[in-house]
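Beneath this line is the structure, given in structure tokens, with notes to follow.
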Amino acid sequence: MDLYLDTANVDEIREIVQWGVLDGVTTNPSLMAKEKGDYKKLLKEICDIVKGPVSGEVLSLNADEMVREARDLSQISEYIVIKIPCTVDGLKATKVLAREGIKVNMTLVFSPNQALLAAKSGAAYVSPFVGRLDDIGNPGIEIVNDILTIYRNYNFKTKIIFASVRHPEHVRQAALLGVDICTIPYKVFIQLIKHSLTDVGIARFLEDWKKKID
Ligand code: E4P
């Protein structure tokens with residue numbers, strides 16, 4: 001499973017890149033709005049650090065405008081993936097962009113049927129928002145499981161990004177399901193490496209080492 005960081009913060013990205021386990025980054029307008037500076041310059045900086053797929057979202061809602069915005073953003077770097085919301089206009093724009101070889105991450109996906117349409121429109125990635133479904137008492141994992149089955153049934157090449165991750169348990173679920181990618185907020189990412197027994201084990205080894213007989 002590829003691991004992405006769900007952030008627009010370059011310090012967080014630099015830190016996880018150093019771990020040697022980061023495959024890509026997803027941003028969205030809410031995450032970008034938390035950072036200072038120019039939208040396109042920030043996306044370029046993130047691409048240069050990650051050297052892997054970086055999703056940047058369009059702000060337009062109309063298909064023609066989305067296409068224009070996407071073409072412009074795609075000039076930033078070879079790593080840019082265009083995030084497009086799962087709407088009728090989003091499908092129309094994705095069809096055009098896919099024909100031009102521009103990779104689309106269809107975002108804000110909350111149902112298997114939306115994911116089916118995303119794949120048929122030519123989206124390279126689909127992002128079911130698991131945490132937001134869980135938030136309204138609708139188990140997100142079931143939607144992801146259905147999408148996996150549908151994509152396998154018809155051999156769709158669209159990659160599934162398990163998104164809206166709230167806690168490490170989501171990451172475990174994503175890996176057990178066998179999704180292609182999981183995009184994880186920084187605070188959850190750093191929880192993945194932690195275990196109290198690891199800390200206790202290190203402390204005990206070091207204590208024992210101090211008692212080494214010569
Ligand atoms: C995915 O690409 C989105 O940026 C993200 O996972 C949204 O998650 P949220 O529900 O925590 O905002």
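Of note:
- Selection status of Val21, surrounded by fewer than 16 Cβ atoms within 10 Å (Cβ to Cβ), of a type in the set (A, V, I, L, M, F, W, C) and away from the ligand (no atom under 15 Å from the Cβ): yes
- Failed condition for Gly37, given (1) open to solvent by 60 Å² or more (accessible area, probe 1.4 Å); (2) in contact with a Leu (Cβ under 9 Å, 6 or more places away or on another chain): (2)
- When the stretch 164-214 is filtered for residues that are assigned to a loop (DSSP other than H, G, I, E, B), of a type outside the set (A, V, I, L, M) and away from the ligand (no atom under 15 Å from the Cβ), the ones remaining, listed by number, are Gly178, Lys194, His195, Lys211, Lys212, Asp214.
- Among the residues making up the stretch 166-181, those that are open to solvent by 10 Å² or more (accessible area, probe 1.4 Å) and touching a helix residue (DSSP H, G or I) at 6+ places or on another chain (Cβ under 8 Å) are Arg166, His167, Pro168, Val171, Gln173, Leu177, Gly178.
- Scan of the stretch 46-59 for residues that are crowded, with 18+ Cβ neighbours inside 10 Å and either of a type in the set (Val, Ile, Thr) or without any contact (Cβ under 8 Å) to a residue 40 or more places away in the chain (or both), ordered by number: Ile46, Cys47, Val50, Val54, Gly56, Val58
- No other residue among Ile150, Ile161, Ile141 is open to solvent by less than 10 Å² (accessible area, probe 1.4 Å) and either of a type outside the set (D, E, K, R) or more than 15 Å from the ligand (Cβ to nearest atom) (or both) apart from Ile161.
- Inspection of the stretch 37-49 identifies at least one residue that is away from the ligand (no atom under 16 Å from the Cβ) and touching a Lys or Arg at 6+ places or on another chain (Cβ under 8 Å).
The values are calculated or read from the model by the stated rules, or taken from the named source; none is laboratory data. Computed from a predicted model, the values in this text were never measured in an experiment. Heads up, the Cβs are rebuilt from the backbone with ideal geometry, glycines too, and the neighbour counts pull from every protein chain shown. These area figures cover heavy atoms from the full protein model, side chains too; ligands, DNA and RNA do not enter into them. Shrake-Rupley method; radii C 1.70, N 1.55, O 1.52, S 1.80 Å.
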